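Q: What follows is a single structure, and I will ask about it in a moment.
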Amino acid sequence: MRRAGSGSSGCSAVPLLVGSAAIEGLRRRLRRAGRALARGVGVLAAALAVGAAASAWAESVEVRTIAQAQFVESASETLPPDDAPWTSRPLPDRVVREGKAEPAVLWYRLALPDIGRDAAGAPLMLYMQRLDCATRVFLNGSLVTTLESPARTSYVRWMRPHLVVLPEAMLRDGGNVVHIRGLCWERVTGLGQVLAGPDRALRPVYEERFFWQITAAQISTVFGCLAGGFMLLVWWRRRKEVEYGLFGAAAVAWALRSVTFVVESVPADLWLYWRAYYYATTGAVLIFLSLFFLRLAGKRWPRVEAALIAYGIAGPLALLLAGRIVDPALAAWWIGSFLAIIPATLAVLGAAALRERRTEQIAVVAAAGFALALAFHDFLLDRGVITFGRPFALHLGVPIMLLAMAWAMTNRFVGTLAVAENVNVELARRIREKEAELASNFARLAEFERRQAVAQERERILQDMHDGLGSQLVSSLSMVERGVAGPREVATLLRECLDDMRLAVDSLASEPESFLAALGALRYRMEPRFAAVGVRFAWRVPEDGLTDTIPAAARLQLLRIVQESLTNALRHADAQEVSVAVSVDDEAGAAALRIRVEDDGKGLPENGAARAPGRGLRNMQTRARRIGARIEFVRRDRGTRIEVRLPLAAQPA
Amino acid sequence: MASDRPIDVFLVEDDPEFARRLAAAVASDPGFRLVGTAATAAEALEALEQVAADIYLVDLGLPDADGTVVIAAVRRRRPDADIVVVTVLGDDPHVVRSIECGATGYLLKDVTPKELVARLRELRNGGSPISPLIARRLLQRLRPGPAADAEPPRLLSPREAEVLQLVAKGFGFGEIARLLGTSEQTIPSHVKNIYRKLAVHSRSEAVYEASRLGIIRL
């Protein structure tokens with residue numbers, strides 16, 4: 001990055017140095033981009049470059065860089081005299097205080113170049129890029145400002161730049177001198193780039209630096225908290241998915257670590273704990289990251305993991321136990337060792353990524369590699385290899401890495417959901433298959449049952465033809481052949497045959513309620529005959545009809561019994577009224593169908609059904625026995641009662 | 001009904017024995033007059049154009065077509081005529097099928113001549129015979145849902161539905177009239193109305209089915 005005249009050079013590395021308007025626009029855009037820090041690697045990388053470019057531009061116009069300073073280490077409260085051991089140092093100047101427990105007091109003396117008075121009367125400013133100390137600034141021997149009390153009670157480490165007003169009234173013609181006194185606690189300290197110039201030229205430089213060092217760290221903190229918190233929640237619900245937990249822990253640790261960038265001043269007696277906090281959070285970030293890399297690579301090495309965790313705890317613990325004496329070693333070697341540990345675990349992940357070519361792994365490796373480069377940059381900066389005063393960059397790279405990791409974990413999460421959906425689809429398919437199978441089984445079973453029912457029904461009808469119509473036709477035939485039957489008798493016989501056939505047909509109706517209808521149809525057919533001889537008919541059936549299923553085999557037999565009873569009453573009883581009553585009663589805890597046929601006629605012969613029953617009565621008894629019903633013939637004062645009871649219990653529909 | 005004019009009867013029957021019996025039965029009563037007979041559906045359809053009768057007796061088992069074809073044709077051509085199916089068994093599948101085509105009554109073939117004329121006269125006076133099994137079948141027809149007895153069929157008036165339900169339980173017209181608190185004479189006309197509605201219903205359903213299947217265009 002060169003200064004004066006580079007506006008026309010068309011520097012290919014930073015082609016943004018073309019004109020001030022373009023750069024103003026760019027900077028606005030960059031600031032927006034910065035606010036949305038998480039947007040991407042490219043923006044950040046460019047922004048880092050431009051941060052430096054902007055200061056180069058400011059320099060080139062009306063800003064003077066103060067490149068040389070005189071330095072002396074002196075605890076003096078007032079300006080060290082000219083004969084103090086001032087040494088000349090180029091700026092930026094890096095000072096390392098090895099192994100000292102007490103803070104050092106550093107003095108810098110700067111000769112302010114003559115940059116003339118601003119025509120608009122704007123104040124002249126002094127911009128200090130980096131100064132990690134509690135500082136006082138003097139102009140021409142008079143105190144201008146105090147940046148945090150220089151008392152020894154506060155540990156100060158400025159991450160922010162400083163912009164100091166050099167009051168007009170105190171400026172002298174022909175050479176001004178600035179003294180800077182710093183009370184420094186940091187092991188590595190010093191004075192970064194120093195610029196002098198008008199406010200309007202230096203303010204943007206200051207803001208730029210402030211944004212990248214402070215605001216970015218704040219954003220980083222918030223981002224880490226959110227991303228980490230979310231992932232920890234996922235892990236909380238899915239404990240087996242340790243990667244979510246590791247990532248969440250790393251992100252939260254990162255957020256906690258970033259706090260050290262934001263809090264720039266702590267009481268001196270808490271310094272040790274503050275430092276331990278820094279080591280603990282930094283170590284946690286790095287250990288959780290390395291564990292995450294291993295797990296994402298699909299490696300589960302319990303011993304390695306335990307060792308890493310122990311090593312992570314060892315750093316802050318050592319500081320707390322041994323005190324600040326070990327701080328330099330920790331800063332150099334413990335922190336430095338992670339520059340080996342992280343690449344090692346990342347290499348494991350990288351190898352897995354090369355092997356498996358999973359985009360989530362590749363993305364994490366790439367982002368982590370970038371962050372690692374930034375970390376290395378910071379390490380070199382701390383070690384003084386990179387110019388003192390360059391901004392720390394890791395807190396910019398880590399959010400990018402967290403983004404990549406978040407993306408990887410989201411990828412995994414979405415993948416899991418997709419798998420779950422596939423499982424559902426597969427499950428639905430299998431259920432459909434099973435359903436179809438079941439349906440076809442059921443259809444086969446139903447077909448089998450239907451065939452069986454048809455076969456049974458056929459058998460029943462055959463049996464019935466045999467017992468009923470067949471035998472009736474045979475006896476009619478024999479009567480006709482014997483010449484016993486005249487035309488009237490033959491007509492009666494044939495009509496009985498027809499009645500019998502109709503009864504058989506009626507009994508085929510198979511719904512539960514249809515038995516009553518079939519019984520009704522019998523009555524319907526017979527009623528004109530009763531009416532012809534002046535017999536009344538009474539019909540008593542349940543209000544709601546019959547809901548119980550009468551077994552198919554029983555239906556016809558019952559109809560026949562009723563038909564026989566009615567025929568008997570019609571022929572022999574000489575009755576005035578015949579009644580048929582149907583009911584379903586409870587009999588010994590089970591339902592029983594009861595059919596009662598009563599007449600008020602002559603009644604049965606004296607000796608009743610037992611000894612010399614008519615052929616009709618015997619037939620009825622046989623039929624009843626066949627279907628497991630009981631039949632009673634009762635002689636009443638006037639007339640006869642025939643009652644059939646059929647148990648209905650345990651009859652499937 | 002003009003009682004001084006004899007009731008004209010047309011017979012569609014391929015069994016000559018039954019045809020003769022029926023002719024004799026009708027001839028025995030001066031209130032009836034046999035105006036024609038047909039032994040096949042084709043003959044019947046042809047005669048339908050030339051001879052008008054009050055009652056058509058139709059056998060279902062004709063040699064050239066199903067009797068329901070004749071029934072439907074008569075119902076169209078002579079909407080005021082009574083159509084009676086003659087059947088051996090009086091079984092509900094046959095009878096209900098005929099009612100759906102427009103029949104308003106049925107007769108068993110073994111009916112005595114005396115009964116026959118009595119039935120025809122009843123029919124002409126507005127009554128229709130109905131057996132419990134036929135009533136049951138009609139109830140099922142009008143309510144094709146699974147809950148066959150849960151609600152009365154919408155096509156019928158509440159009174160008609162009640163009559164049909166009681167018939168299906170085996171009650172006679174006299175008992176039904178007593179149970180419903182009306183006169184016995186009103187019951188047969190309810191039954192006849194039910195038959196008519198069922199026929200119209202079935203035909204409109206048939207038309208709907210036919211148009212749905214694209215057989216006819218509305």
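The values are calculated or read from the model by the stated rules, or taken from the named source; none is laboratory data. Since the model is a prediction, treat every value here as computed from it, not as a measurement. Note that each Cβ is placed from the backbone with ideal geometry, even for glycine, and that neighbours are counted across all protein chains shown.
Q: Please identify the pairs in which a residue from region A:622-651 that is without any contact (Cβ under 8 Å) to a residue 40 or more places away in the chain has its Cβ atom under 6 Å from the Cβ atom of a residue that is part of a strand (DSSP E or B), counting only partners at least 6 apart or on another chain.
A: So the pair list comes out as A:630/A:645; A:632/A:643; A:633/A:642; A:634/A:641.
Q: Quick one: which of A:244, A:277 is at pLDDT 90 or above, assigned to a helix (DSSP H, G or I) and either within 29 Å of the chain's Cα centre (by Cα) or surrounded by 17 or more Cβ atoms within 10 Å (Cβ to Cβ) (or both)?
A: Every option except A:277 fails the conditions.
Q: Test residue A:398 against the stated conditions and say whether it is free of Cβ contacts under 8 Å to residues at least 40 places away in the same chain and either over 30 Å from residue A:67 (Cβ atoms) or surrounded by fewer than 12 Cβ atoms within 10 Å (Cβ to Cβ) (or both).
A: no
Q: Has region A:512-519 got any residue that is within 12 Å of another protein chain (Cβ to nearest Cβ), without any contact (Cβ under 8 Å) to a residue 60 or more places away in the chain, surrounded by 13 or more Cβ atoms within 10 Å (Cβ to Cβ) and farther than 18 Å from residue A:561 by Cβ?
A: Yes - at least one qualifying residue is present in region A:512-519.
Q: State whether one or more residues within region A:573-589 are modelled with pLDDT under 85 and among the hydroxyl-bearing types (Ser, Thr, Tyr).
A: No.
Q: For region A:543-584, how many residues are among the hydrophobic types (A, V, I, L, M, F, W, C), assigned to a helix (DSSP H, G or I) and under 27 Å from residue A:465 (Cβ atoms)?
A: Selection size over region A:543-584: 11.
Q: Pairs needed: first member in region A:313-332, closer than 26 Å to residue A:380 by Cβ and charged (D, E, K, R); second member anywhere, modelled with pLDDT under 85 and in a helix (DSSP H, G or I); C-beta distance under 9 Å; at least 6 residues apart or different chains.
A: Filtered contacts from region A:313-332: A:324/A:271.
Q: Please state which of the following conditions residue A:458 fails to meet, knowing it meets all the rest: (1) surrounded by 13 or more Cβ atoms within 10 Å (Cβ to Cβ); (2) more than 23 Å from residue A:618 (Cβ to Cβ).
A: The failed condition is (1).
Q: Any chance region A:234-241 includes a residue that's free of Cβ contacts under 8 Å to residues at least 40 places away in the same chain, part of a helix (DSSP H, G or I) and of a type in the set (Val, Ile, Thr)?
A: no
Q: Among the listed residues B:15, B:8, which satisfies the condition of being surrounded by fewer than 21 Cβ atoms within 10 Å (Cβ to Cβ) and within 26 Å of residue A:499 (Cβ to Cβ)?
A: B:15
Q: Which condition from (1) within 13 Å of chain B (Cβ to nearest Cβ); (2) touching a Leu at 6+ places or on another chain (Cβ under 8 Å); (3) crowded, with 17+ Cβ neighbours inside 10 Å; (4) in a helix (DSSP H, G or I) is the one that residue A:493 breaks?
A: (2)
Q: Also, quick follow-up: What number of residues within region A:496-511 are at the interface with chain B (Cβ under 10 Å from one of its Cβ atoms) and not in a helix (DSSP H, G or I)?
A: Going through region A:496-511 one residue at a time, the tally reaches 3.
Q: Given the residues A:577, A:481, which is the only one that is on the phi < 0 side of the Ramachandran plot, in contact (Cβ under 8 Å) with a residue 24 or more places away in the chain and more than 9 Å from every other protein chain (Cβ to nearest Cβ)?
A: Only one candidate qualifies: A:577.
Q: A follow-up question, please. For residue A:299, work out the one condition from (1) under 33 Å from the mean Cα position of the chain (by Cα); (2) in a helix (DSSP H, G or I); (3) surrounded by 15 or more Cβ atoms within 10 Å (Cβ to Cβ) it doesn't fulfil.
A: The number of the failed condition is (2).
Q: Determine whether region B:100-107 contains at least one residue that is modelled with pLDDT of 85 or more, surrounded by fewer than 18 Cβ atoms within 10 Å (Cβ to Cβ), not assigned by TED's automatic domain parsing to the domain that holds residue B:170 and not hydroxyl-bearing (Ser, Thr, Tyr).
A: Checked region B:100-107: no residue is modelled with pLDDT of 85 or more, surrounded by fewer than 18 Cβ atoms within 10 Å (Cβ to Cβ), not assigned by TED's automatic domain parsing to the domain that holds residue B:170 and not hydroxyl-bearing (Ser, Thr, Tyr).
Q: Tell me which residues, restricted to region A:528-542, are in a loop (DSSP other than H, G, I, E, B) and within 9 Å of another protein chain (Cβ to nearest Cβ).
A: A:541, A:542, listed by residue number.
Q: Now a separate question. Any residue in region A:402-419 that is within 27 Å of residue A:337 (Cβ to Cβ), free of Cβ contacts under 8 Å to residues at least 60 places away in the same chain and crowded, with 19+ Cβ neighbours inside 10 Å?
A: Scanning region A:402-419 turns up at least one residue that is within 27 Å of residue A:337 (Cβ to Cβ), free of Cβ contacts under 8 Å to residues at least 60 places away in the same chain and crowded, with 19+ Cβ neighbours inside 10 Å.
Q: Of the conditions (1) over 25 Å from residue B:186 (Cα atoms); (2) in contact with a helix residue (DSSP H, G or I) (Cβ under 8 Å, 6 or more places away or on another chain); (3) in a helix (DSSP H, G or I); (4) away from chain A (no Cβ under 13 Å), residue B:64 satisfies every one except a single condition; which number is it?
A: The one condition residue B:64 does not meet is (3).
Q: In the set B:178, B:159, B:196, which member is of a type outside the set (Gly, Ala, Ser), over 22 Å from the mean Cα position of the chain (by Cα), at pLDDT 80 or above and surrounded by 12 or more Cβ atoms within 10 Å (Cβ to Cβ)?
A: None of the others qualify; the one that does is B:178.
Q: Considering (1) more than 18 Å from the chain's Cα centre (by Cα); (2) modelled with pLDDT under 85; (3) within 13 Å of chain A (Cβ to nearest Cβ), say which one residue B:134 fails and leave the rest.
A: (1)
Q: Tell me yes or no: at least one residue of region A:547-558 is within 10 Å of chain B (Cβ to nearest Cβ) and either in contact (Cβ under 8 Å) with a residue 12 or more places away in the chain or over 60 Å from the mean Cα position of the chain (by Cα) (or both).
A: Yes, region A:547-558 contains at least one residue that is within 10 Å of chain B (Cβ to nearest Cβ) and either in contact (Cβ under 8 Å) with a residue 12 or more places away in the chain or over 60 Å from the mean Cα position of the chain (by Cα) (or both).
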